[in-house]
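What follows is calculated from the coordinates using simple rules that are stated; it is not laboratory data. Model, not experiment: these values are computed from the prediction. Neighbour counts are summed over all protein chains in view; Cβ atoms, including those assigned to glycine, are modelled from backbone coordinates with ideal geometry.
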Amino acid sequence: MIMHRQMAHSSTLNPAQRKAVETTDGRVLILAGAGSGKTSVLTHRIAHLLSHHQVPPQAILALTFTNKAASEMRHRIASLVDSKLARHLTLCTFHSFCMQVLRKEIERLGYTSAFTLYDEKDVKRLVQHMARHMLEHEGSLPSLEPTLAKISAAKNRGESVLTVGELATWHDRFSAELYERLQGCMRAYNAVDFDSLLSLTNQLFEEFPDVLTRYQNRYQYIMIDEYQDTNPTQYRLASLLSAKHHNLCVVGDDDQSIYGWRGAEIQHILQFEAPSIIKLEQNYRSTPTILHAANAVIRHNKERHDKELWSHAEPGELIELFHAPNDADEASAIVQRMIKLHERERIPWKEIAVLYRSNALSRPLEIALIEAVWQKEGQWVRGIPYQVFGGTELYERSEIKDLIAYLKTISNPLDEEALLRIINLPRRGISDQTLDLITKTNRQTNIPLFSVLEGLAKADPQFDHLSQQLSNRAHAGIKSFVQLLQKYQTLFAPSTSSPRALHTSLKEFLQEIDYEKAIADDVKSDKMRSFKWENVLHCVENLRNYEEEMLEKDTSPSLVDFLSTTMLDRDQWTHRDQSFREDQVNLMTFHSAKGLEFTACFLAGLEDHIIPHEKSLLETGVEEERRLMYVAITRAKRFLYMSMARHRKRMGQEAESAPSRFLFEIPKDLIKIVPWKIA
DNA sequence: CGTCAGCGGGTTTTT
DNA sequence: CCCGCTGACG
């Protein structure tokens with residue numbers, strides 16, 4: 001045992017890290033500053049539990065916010081311990097954990113285990129439909145933005161009713177009514193959204209103590225990553241699960257809490273009661289100059305745990321700050337310096353990032369990158385390779401959404417939102433008018449839409465009245481639609497006698513509905529056509545990959561599971577095959593940069609109104625904006641540039657802007673103010 | 001069923 | 001100013 005304490009794998013840890021790894025029991029708070037080796041600590045801690053305390057992997061639960069974090073941790077653990085052990089850990093996002101629980105237990109709450117998952121857009125669409133239906137006698141719809149905001153805030157708090165302002169205004173009452181109906185509707189559709197994935201799990205645990213006890217007994221050790229980002233529902237879940245063994249270890253950094261506007265509660269990490277509070281303050285990422293600047297800025301916040309990043313390294317370069325006349329000049333000045341870094345300091349493009357507060361600021365930068373002229377292996381070339389994070393993603397594309405809607409309808413015919421999306425796609429003569437008639441019957445009788453369609457298809461006398469009102473064309477369309485769905489419900493059904501690959505069925509399905517032609521009919525340009533079709537094929541490829549993965553894991557693949565995995569892991573759509581490791585400059589928001597690091601960072605548009613964002617000042621307050629600035633600064637390893645423009649177009653108008661107030665919080669001796677034009 | 005004009009809105013985003 | 005959505009019209 002004593003020999004094991006000096007196990008090779010933990011010998012690289014510093015004393016604070018080691019303490020964090022070895023404090024296994026009870027409530028533990030690990031305050032992990034930016035770049036302090038948080039992932040290392042978490043993975044070593046889990047490895048330590050497994051190999052040193054012989055905790056079975058099934059008894060460990062580690063929850064993260066992103067799939068990326070979960071899979072990175074799993075890989076790193078697998079390199080520390082027997083990979084068989086690593087495989088049996090429950091290490092996943094909050095959402096996929098709840099998905100797993102609900103797939104097994106949701107029938108207690110009146111859903112079926114084939115429930116489908118809605119994303120925000122799906123919910124929004126549904127809310128719009130419902131609002132239109134509720135107010136069909138009114139002239140025009142009120143703006144749904146405030147309603148959606150209220151509903152989303154309530155969901156984040158795990159509240160199933162709106163009690164905003166005692167429902168004083170008409171709009172409040174309307175929102176409350178809509179929220180109530182929305183939940184009824186989701187239930188009827190057998191659909192769950194991202195937020196209710198969490199709140200339903202809590203509800204399940206609260207209403208069925210026997211279920212809770214099972215999970216409490218199983219998970220002796222619970223760890224939560226990025227604890228500063230937990231919202232009340234996640235907090236509740238952690239409390240429920242850890243209430244038996246009380247071995248709850250939370251890891252995070254209050255200074256990096258930047259998701260308050262999405263319901264995250266910084267108070268959770270500020271007020272976490274624990275006998276052991278461990279601070280990781282030694283930074284392995286940035287130069288002391290950069291760290292001093294970051295510390296100086298964040299010191300101005302009141303709501304925080306006291307801590308300060310430090311490093312043994314050489315002080316490093318000063319932070320360069322420049323003020324350009326306008327945004328285009330700022331962008332080209334950034335690109336000029338970037339070329340210098342690449343050519344003189346040999347910094348690869350992928351080690352360079354430009355970070356900005358909001359996506360709208362990326363335009364001028366892209367233009368400057370495209371127009372840039374530089375020397376590649378002695379040749380003059382035009383254009384620096386770059387990638388912008390967070391554009392319109394593949395999964396948002398209509399051809400994919402339509403295809404997914406088809407698969408949702410096949411696996412859960414109660415999902416009327418999905419059904420209505422594809423009922424006339426490709427066109428099969430079911431017009432809006434026809435649909436109106438059918439949905440009216442569906443609403444009046446409370447018979448699910450798909451059952452009405454089935455009834456019509458087999459001429460069930462119950463629907464004679466409705467049937468008479470429909471055209472022959474509509475009849476034919478409905479009949480073929482119902483047959484199509486029934487056929488593929490069987491083909492995609494799990495564990496039929498002849499095990500058939502899902503992607504084979506999908507290919508056959510695409511052929512049968514002639515989706516390629518449907519896309520071709522819909523789109524003018526050839527380029528767009530092939531692009532869309534490629535996206536569809538990519539989707540088939542995803543399904544095939546999924547099936548392979550499942551077979552490797554000895555789990556049986558299913559359409560339902562594929563759909564939820566797909567919805568819960570959007571990375572598979574973006575960074576799977578393409579370019580992730582390519583040598584490209586990175587453009588992204590401060591928010592998306594969290595967790596990443598680059599040798600050189602350019603922080604662009606550091607102007608008051610942009611950072612701190614004036615709208616955000618009113619909502620989440622100046623401290624969250626300061627944390628955002630802190631996150632941005634701490635992304636840089638060696639070179640940090642800060643810049644702003646004196647004039648910038650704002651809402652169409654040219655306007656003057658002032659330097660960000662946060663710049664004045666950085667000690668002058670860390671900054672070198674340089675002319676924007678490079679000599 | 002598809003196209004176009006007029007209108008509102010414009011911060012951050014993962015699951 | 002530029003975008004996306006809605007609703008009216010062909």
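Okay, here's what the table says:
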{"item": "Pair A:I678, A:A328: separation of 7 Å Cα→Cβ label points (nm)", "result": "1.9"}
{"item": "Whether region A:57-101 is rounded, prolate or oblate, judged on the alpha carbon gyration tensor where a/c under 1.5 counts as rounded", "result": "oblate"}
{"item": "Average projected area [Cα convex hull, region A:428-508], square nanometres", "result": "6.4"}
{"item": "Taking the C-alpha atoms of chain A, convex hull volume expressed per residue in Å³", "result": "197"}
{"item": "Ranked list, fewest to most other Cβ atoms within 10 Å of each Cβ, for A:D514, A:D172, A:D225, A:D669", "result": "A:D669, A:D514, A:D172, A:D225"}
{"item": "Cα centroid separation - region A:234-295 against region A:86-145, whole Å", "result": "28"}
{"item": "Whole-angstrom gap from region A:155-225 to region A:332-387, using each part's C-alpha centre", "result": "46"}
{"item": "Helix A:526-552 axis, angle to chain A major axis (alpha carbon atoms, nearest 10°)", "result": "90"}
{"item": "Extended-chain gain in nm, criterion 0.36 nm per residue less alpha-carbon gap, A:T439 and A:E512", "result": "23.6 nm"}
{"item": "Signed unit charges on C-beta, dipole axis of chain A, positive-most listed residue A:S143, A:L407, A:A154", "result": "A:L407"}
{"item": "Charge-dipole axis of chain A as Lys and Arg at +1 and Asp and Glu at -1 on Cβ define it, positive-most pick from A:L466, A:T589, A:T43", "result": "A:T43"}
{"item": "Relative contact order of region A:580-640, pairs being alpha-carbon contacts under 8 Å that are 6 or more residues apart, as %", "result": "51"}
{"item": "Unit charges on C-beta of K, R, D, E only; dipole of region A:378-476, Debye", "result": "300"}
{"item": "Region A:458-499 - Rg over Rh from alpha carbon coordinates, Kirkwood radius", "result": "1.18"}
{"item": "Estimated [θ] at 222 nm from DSSP helical runs (n ≥ 4, -39500 (n - 2.57)) normalised by residues in chain A, nearest 500", "result": "-15000 deg cm²/dmol"}
{"item": "Debye intensity ratio I(q)/I(0), log10, region A:632-679, q values 0.32 Å⁻¹ (C-alpha model)", "result": "-1.27"}
{"item": "Inter-label distance, nm, simple model (7 Å from Cα along the C-beta direction), A:A520/A:D464", "result": "4.5"}
{"item": "Packing rank of A:267-273, A:377-383, A:230-236, where each peptide gets the mean count of other beta carbons within 10 Å, highest leading", "result": "A:230-236, A:267-273, A:377-383"}
{"item": "Whole-number percent relative contact order across region A:401-475, with pairs defined as alpha carbons under 8 Å at least 6 apart", "result": "26"}
{"item": "Ratio Rg/Rh [Cα only; Rh per Kirkwood] for region A:154-245", "result": "1.06"}
{"item": "Segment A:N217-A:N14, length gained on full extension (0.36 nm per residue, minus Cα span)", "result": "69.8 nm"}
{"item": "Test item: Cα-centred dipole of chain A, Lys/Arg +1 and Asp/Glu -1 on Cβ, debye", "result": "880"}
{"item": "Student exercise, region A:561-679 dipole from Lys, Arg, Asp, Glu Cβ charges, in Debye to nearest 20", "result": "500"}
{"item": "Degrees, to the nearest 10: A:120-134 long Cα axis against longest axis of chain A", "result": "50"}
{"item": "Region A:635-655-region A:583-620 distance, computed between alpha-carbon centres (Å)", "result": "10"}
{"item": "Spacing of the two label points (7 Å from each Cα toward its C-beta) at A:H647 and A:D554, in nm", "result": "7.0"}
{"item": "Degrees between helix A:472-492 axis and first principal axis of chain A (Cα, 0 to 90, nearest 10)", "result": "60"}
{"item": "Relative contact order of chain A, defined on C-alpha pairs under 8 angstrom at six or more residues apart (%)", "result": "19"}
{"item": "Residues in region A:307-330 that a label on A:R299 would reach, taking backbone N under 12 Å of a point 7 Å out along Cα→Cβ", "result": "A:307-309"}
{"item": "Residue among A:G378, A:N535, A:I666 farthest towards the positive dipole end of chain A, charges placed on Cβ", "result": "A:G378"}
{"item": "Net lengthening on full extension, A:R181/A:K244 (0.36 nm per residue, minus Cα-Cα)", "result": "19.1 nm"}
